[in-house]
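First comes the structure, then the notes that go with it.
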Amino acid sequence: MWKSLLGLLRKKGDRFVRLDGRQCYLRTFVESDARELAALLAKNKYFWSTYEPLHRDEFYTEEAQYKKILESLQLLSMNREFSFGIYDIFTNKLIGHISLYGIKRIPYSSAFVGYSMDQHYVGRGIATEAVQLVLRLAFTSVKLHRVEAYIAPTNAPSIRVIEKCGFVQEGLLRKLIFINGEWVDHYMYAILQEDYKQQSGRG
């Protein structure tokens, strides 16, 4: 049963999930990650604000991220979200974050994936590997039918990542998200379980 994933690893009483790749590993956040996560967010504040909303200064503090992690742990306990840090497998450094969120059961059996990489690690294939690890979790353990992603048409690097992972563009959602003073169009991308099985040879 996929819920047994929550008991795979334990750290100081907190449940977390770890997924290993070749260049990176993913681990769901625990409370003690708040300082490192806040530092990552502050470091990439303006780099990420090209495609994401720029937040108030307090968002980038350890206290705020501690609260966010508590929220993510609550959602994890309800099987509604997996919020992972992306870690360099050679240095154990936090270099990004990725989430499988908005998990819905039948009749939808779907979720969204969203991710951001430290600007110094972009272009190395790590984001692609992180998405592939999350898809493996989504389709083989969580047993979802569909995973979706929203990407701005101007975000060419993210479009390359998602298309390498087998997502198909299904349409344009006009003025979907309010980002830094304007409504921004986003493409709807999706991958189905049968797509994943076919491309991974699991079908």
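The values are calculated or read from the model by the stated rules, or taken from the named source; none is laboratory data. Small disclaimer: the values here were computed from a predicted structure and weren't measured. Don't worry about glycine lacking a Cβ; one is built from the backbone with ideal geometry, like all the others, and counts go over all protein chains shown.
Here is a check on your reading of the model: is residue 137 farther than 16 Å from residue 50 by Cα and at pLDDT 95 or above? Before you say what the answer is, go through the steps one by one.
Details: farther than 16 Å from residue 50 by Cα: yes; at pLDDT 95 or above: yes.
Yes; evaluated as a whole, the condition is true for this residue.
Of the residues in the range 81-96, not one is more than 26 Å from residue 22 (Cα to Cα) and within 15 Å of the chain's Cα centre (by Cα). Would you confirm, using the coordinates I've provided, whether residue 5 is at pLDDT below 90 and closer than 24 Å to residue 140 by Cβ? Criteria met by residue 5. The criterion of at least 2 residues that are more than 23 Å from residue 82 (Cβ to Cβ), at pLDDT 95 or above and touching a Lys or Arg at 6+ places or on another chain (Cβ under 9 Å) is met, among strands (runs of 3 or more DSSP E) falling completely within the range 143-197, by 182-192.
Of the set (1) surrounded by 14 or more Cβ atoms within 10 Å (Cβ to Cβ); (2) under 20 Å from residue 52 (Cα atoms), all apply to residue 153 but (1). Listed by position, the helices (runs of 4 or more DSSP H) contained in the range 18-103 that have at least 3 residues being of a type outside the set (Phe, Trp, Tyr) and surrounded by 15 or more Cβ atoms within 10 Å (Cβ to Cβ) are 34-43, 62-77.
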